[in-house]
Amino acid sequence: QVQLVESGGGLVQAGGSLRLSCAASGIIFRLNNMAWYRQAPGKQRELVAAITSGGSTNYADSVKGRFTISRDNAKNTVYLQMNSLKPEDTAVYYCKAERRYRTDYWGQGTQVTVSS
């Protein structure tokens, strides 16, 4: 049974930081590309950051220079360090596991709220 469990969300003031974690089980984590998405109320889900199985990263323009995605294959965990948070970063953040020719898996999401 595949599980992706996000944690680390919460309420923070603008300019603050949060670190999200996504612990994976039931998959060969090191073979999966991992990504963080977010969905704000009334908006479509959007890609925030991604990291390949080889460690290459890419970011949405809106978070470049503020967010950092990383992974620890020994812990089957992917992280999203979020600095200089803005009210427009408020959303539910989701973790996704992707592997070619396999089913994609999503976590249940964690709420991030940034107050102005």
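The values are calculated or read from the model by the stated rules, or taken from the named source; none is laboratory data. Given the structure is predicted, the values throughout are model-derived calculations rather than measurements. Cβ sites come from the backbone with ideal geometry, for glycine too, and all protein chains shown count toward neighbours. To get the accessible areas, we keep the full protein, side chains included, count just its heavy atoms, and leave off ligands, DNA and RNA. Shrake-Rupley method; radii C 1.70, N 1.55, O 1.52, S 1.80 Å.
Mind checking which residues of region 58-73 are among the charged types (D, E, K, R), surrounded by 13 or more Cβ atoms within 10 Å (Cβ to Cβ) and closer than 19 Å to A97 by Cβ?
Correct list: R71 only.
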Only one of (1) surrounded by 14 or more Cβ atoms within 10 Å (Cβ to Cβ); (2) over 17 Å from L18 (Cα atoms) does not apply to C95, and that is (2)
Of the candidates S21, S84, the one satisfying the condition of being assigned to a loop (DSSP other than H, G, I, E, B) and in contact with a Ser or Thr (Cβ under 9 Å, 6 or more places away or on another chain) is S84
With criteria (1) farther than 21 Å from V5 by Cβ; (2) open to solvent by 70 Å² or more (accessible area, probe 1.4 Å); (3) not acidic (D, E), T90 comes up short on (2)
On the basis of being charged (D, E, K, R) and part of a helix (DSSP H, G or I), does R30 make the cut? yes
Of the listed residues (S84, S21, S7), the one being under 23 Å from T113 (Cβ atoms), out of contact with any strand residue (DSSP E or B) (no Cβ under 6 Å at 6 or more places or on another chain) and not basic (K, R) is S84
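Quick check: anything in region 17-31 open to solvent by less than 20 Å² (accessible area, probe 1.4 Å), among the small types (G, A, S) and either on the phi > 0 side of the Ramachandran plot or touching a residue at least 60 places away in the same chain (Cβ under 8 Å) (or both)?
Scanning region 17-31, I find at least one residue that is open to solvent by less than 20 Å² (accessible area, probe 1.4 Å), among the small types (G, A, S) and either on the phi > 0 side of the Ramachandran plot or touching a residue at least 60 places away in the same chain (Cβ under 8 Å) (or both), so the answer is yes.
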